[in-house]
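Chemist: Sharing a structure with you now.
The values are calculated or read from the model by the stated rules, or taken from the named source; none is laboratory data. This one's a predicted model, so the numbers in the text were calculated from it and none came from an experiment. Here the Cβ is made from the backbone with ideal geometry for all residues, glycine too, and neighbour counts use every protein chain on show. Note: areas computed on protein heavy atoms with side chains; ligands, DNA, RNA excluded. Shrake-Rupley method; radii C 1.70, N 1.55, O 1.52, S 1.80 Å.
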Amino acid sequence: MRGLMMDNPLLISSIVEHADINFPDREIVSVMSDDLIHRYTYRDCFKRVRKLANALTSIGLSEGDRIATIAWNDYRHLEAYYAIGGAGYVCHTINPRLFPEQIVFMINHAEDKWLMIDPLFIPLIEKLSSQIPNVEGYIVMGDEESIKNTSLDNVISYEKLIGNESDQFSWPHLDEKSAMGLCYTSGTTGDPKGVLYNHRAMVLHAFALIAPDAMNLSNRDCVLPVVPLFHVNSWGSPYGAMMVGAKIVYPGPKMADGETLYNLMEDEGVSVSLGVPTVWLVLLQYAAEHNKKLESLQRTVIGGAAVPESMIREFHEKHDVFVQQAWGMTEMSPLGTVMSLKHGMQDLTHDAIVELQTKQGRGMFGVEMRIVNDDQEILPWDGKAFGALQVRGPWVCSDYYKLEGNAGSHTDDGWFNTGDVAKIDPDGFMQITDRTKDVIKSGGEWISSIEIENTAMGHPAIAEAAVIGVYSEKWTERPLLIVVKNKDQKLSKEEIMTFMDGKIAKWWIPDDVVFIDEIPHTATGKIKKTALREQFSDYKSAE
Ligand code: AMP
């Protein structure tokens with residue numbers, strides 16, 4: 001027997017309609033490329049969203065057509081998110097920091113019809129335009145001044161495009177499973193793979209992320225998403241924040257500028273921020289150098305890479321800010337786990353809470369997790385056994401765009417192989433110990449490179465640490481620790497070894513440490529282990 005409930009589809013346009021009626025006066029603040037602050041309300045935003053939806057419809061697009069955005073976090077990019085997806089097209093967000101060949105690959109693979117670009121990226125796109133023949137035209141996200149000197153063909157400024165359009169738009173009644181977003185994973189090997197999001201997944205993901213045991217977003221919050229809109233839907237923040245009517249603050253191109261982030265937090269009353277660890281290193285450094293305290297921020301959601309314990313402590317001890325580590329993937333929209341305390345854990349000691357914060361968080365309703373060994377046997381949640389982490393749920397990808405089951409990414413019984421190796425404790429807190437391909441196998445036993453990295457990062461003289469496996473005749477592989485020292489600090493290999501002694505298993509302690517000036521990172525801020533392996537391919541084990 002079918003239930004008698006209405007069959008309203010879960011569409012992102014319903015977030016626009018809800019927020020427009022309920023929170024018209026909430027503010028959206030953006031730092032723009034000219035350093036000026038732009039400020040307007042949800043009401044103004046949605047008027048422009050509808051104007052853009054009208055404009056896109058009038059340029060002759062069909063449902064499902066892809067429109068790419070190459071832009072920073074600001075109000076126009078947010079408008080594009082809702083207008084493109086809401087009107088029935090697919091918003092393909094592109095990371096401008098990728099290699100140009102990868103950007104070309106993605107635009108061609110996605111068959112993007114139009115490109116919406118931040119004026120700052122005009123020179124980049126001018127260089128690539130001859131290699132992207134499917135693109136019919138360019139919308140530069142600025143006014144007429146912004147396109148004055150470009151050599152791009154069929155170019156129009158965003159402001160002119162929407163200028164004469166009506167601010168009324170009738171959102172189409174789409175199938176909730178129709179595509180509305182596309183984001184490629186910038187894998188370190190092979191071609192990038194496209195993850196195609198649908199309305200249903202985005203709305204369910206937004207419901208999940210605002211919940212108290214996840215990001216706990218409410219109308220009383222002011223959110224600073226430093227995680228880019230071009231990286232996995234800015235972790236779903238555009239949908240979650242607008243669903244509850246939170247104030248939104250965007251840093252524009254100043255994502256990695258400690259002073260801008262600090263000032264935005266203080267001036268705008270930011271209560272919660274989202275970003276990868278590298279961004280917060282810059283902010284903490286700025287605050288320390290200028291003897292400033294974060295007065296307004298209450299909590300920060302950090303993910304994308306493991307959060308060093310030293311960062312968790314510094315946020316807490318110097319700024320009274322609670323770090324919620326989160327884990328997810330482009331393929332998961334992205335949220336899978338978020339740190340939040342369970343009943344009774346408030347009374348734990350500070351050190352015990354910090355220990356929990358160093359884990360990647362616990363599962364949220366909507367994402368099932370399991371860990372398996374090499375024989376696909378399910379491992380216990382005992383905090384000790386670690387194995388390949390697999391997930392499934394309504395906001396986890398069922399396949400990659402155009403790969404039609406050929407990526408080898410899913411198990412026969414329908415789980416997605418995350419490529420992460422993890423353990424899960426009896427309370428459900430998951431801890432990533434490695435990527436499947438980064439795991440070090442020494443004498444047949446797995447060593448967690450991330451745990452060694454985190455331990456090393458706890459040394460006050462170490463700015464960044466990476467661990468790779470190097471060939472060993474005796475053990476097949478041994479960990480090599482690669483270290484970047486903090487500016488002007490003296491530090492010897494022996495001091496690091498002594499520091500690690502007792503903090504990790506003895507046989508995990510690397511046999512050698514090398515010091516370098518800079519650790520290479522991927523465009524999304526992760527340590528590029530492939531580059532390090534290449535750099536140290538001739539390395540001879542100390543044994
Ligand atoms: P991406 O799809 O670019 O967001 O990358 C997803 C991958 O980033 C995951 O599979 C993990 O390997 C890594 N990752 C994400 N969050 C965390 C975290 N909190 N700690 C450790 N690794 C993480």
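Chemist: So what is the relative contact order of the chain, in percent, for Cα pairs below 8 Å that sit 6 or more residues apart?
Modeler: It comes to 10 percent, rounded to a whole number.
Chemist: Hey, another quick one. Under 8 Å for C-alpha pairs, at least 6 residues apart: give me the relative contact order for region 438-543, rounded to a whole percent.
Modeler: RCO, region 438-543: 26 percent.
Chemist: Okay, next question. Might you report the magnitude of the Cβ-based charge dipole of region 438-543 about its Cα centre, with Lys and Arg at +1 and Asp and Glu at -1, to the nearest 20 debye?
Modeler: 140
Chemist: What is the antiparallel percent of DSSP beta bridges lying wholly in region 12-357, to the nearest 5?
Modeler: 30
Chemist: Using 0.36 nm per residue, how much length does the chain from Met345 to Met6 gain when fully extended, once their Cα-Cα distance is taken away?
Modeler: Additional length available on full extension: 118.0 nm.
Chemist: So how do Phe46, Phe169 rank on accessible area, 1.4 Å probe, biggest first, that is with the largest at the start?
Modeler: Largest to smallest exposure gives the sequence Phe169, Phe46.
Chemist: Determine which lysines satisfy two conditions relative to Lys318: a Cα distance under 16 Å, and not lying fewer than 8 residues away in the same chain.
Modeler: Correct list for Lys318: Lys292, Lys293.
Chemist: Can you list residues from other chains, or at least 5 along the same chain, whose modelled amide H is less than 5 Å from the amide H of Gly181?
Modeler: Close amide H contacts, sequence-distant or interchain: Cys91, Tyr197.
Chemist: Roll a 1.4 Å probe over the protein chains and send me the accessible area per residue for the chain in Å².
Modeler: Working: 23250 Å² over 543 residues.
About 43 Å² of surface per residue is accessible.
Chemist: For region 112-124, take each phi angle, set θ = phi - 60°, evaluate the Karplus expression 6.51 cos²θ - 1.76 cosθ + 1.60, and give the result in whole Hz per residue in order, putting x for glycine and proline.
Modeler: For region 112-124, the Karplus curve yields 4, 8, 10, 10, 9, 10, 5, x, 5, 9, 4, x, 4 Hz.
Chemist: Follow-up. What part of the accessible area of the chain, given as a whole %, is carbon or sulfur when the probe is 1.4 angstrom?
Modeler: On the chain, the fraction of accessible area on carbon and sulfur atoms equals 49 percent.
Chemist: Using just the helices of the chain, give the 222 nm mean residue ellipticity in deg cm²/dmol: DSSP H runs with n ≥ 4 each add -39,500 (n - 2.57), and the total is spread over all residues, rounded to 500.
Modeler: Details: 15 runs with 150 residues, N = 543.
So the helix-based figure for the chain works out to -8000 deg cm²/dmol.
Chemist: Work out the length of the dipole vector of the chain about its Cα centre, built from +1 on the beta-carbon of each Lys and Arg and -1 on the beta-carbon of each Asp and Glu, and round it to the nearest 20 debye. Display every interim value, and only then the final one.
Modeler: Numbers: 50 positive and 76 negative charges, 67 e Å.
That gives a dipole near 320 debye.
Chemist: Same structure again: Given the pairs Lys193/Lys493; Lys506/Lys528; Lys503/Lys526; Lys247/Lys402; Lys247/Lys437; Lys177/Lys384, which are separated by over 29 angstrom at their Cα positions?
Modeler: Result: Lys193/Lys493; Lys247/Lys402; Lys247/Lys437; Lys177/Lys384 exceed 29 Å.
Chemist: Thr69's amide H: which non-local residues (gap 5+, or another chain) put their own amide H closer than 5 Å, with H modeled 1.01 Å from N in plane and none for Pro or chain starts?
Modeler: His92, Thr93, Ile94, Met116
Chemist: Tell me, what ³J(HN,Hα) does each residue in region 379-388 have, in order and in whole Hz, if you take phi through Karplus 6.51 cos²θ - 1.76 cosθ + 1.60 with θ = phi - 60° and put x for Gly and Pro?
Modeler: Rounded to whole hertz, the list is 9, x, 8, 10, x, 10, 5, 10, x, 5.
Chemist: Using θ = phi - 60° and the Karplus relation 6.51 cos²θ - 1.76 cosθ + 1.60, list the HN-Hα couplings for region 85-92 in order, rounded to whole Hz, with x at every Gly or Pro.
Modeler: So the J values, rounded to whole Hz, are x, x, 7, x, 9, 10, 8, 9.
Chemist: In whole Å, what are the Cα extents of region 134-288 along the three principal axes, biggest one first?
Modeler: That works out to 48, 43, 41 Å along the principal axes.
Chemist: Determine the distance separating the Cα centre of region 138-160 from the Cα centre of region 1-32; give it in Å without decimals.
Modeler: About 31 Å separates the Cα centre of region 138-160 from the one of region 1-32.
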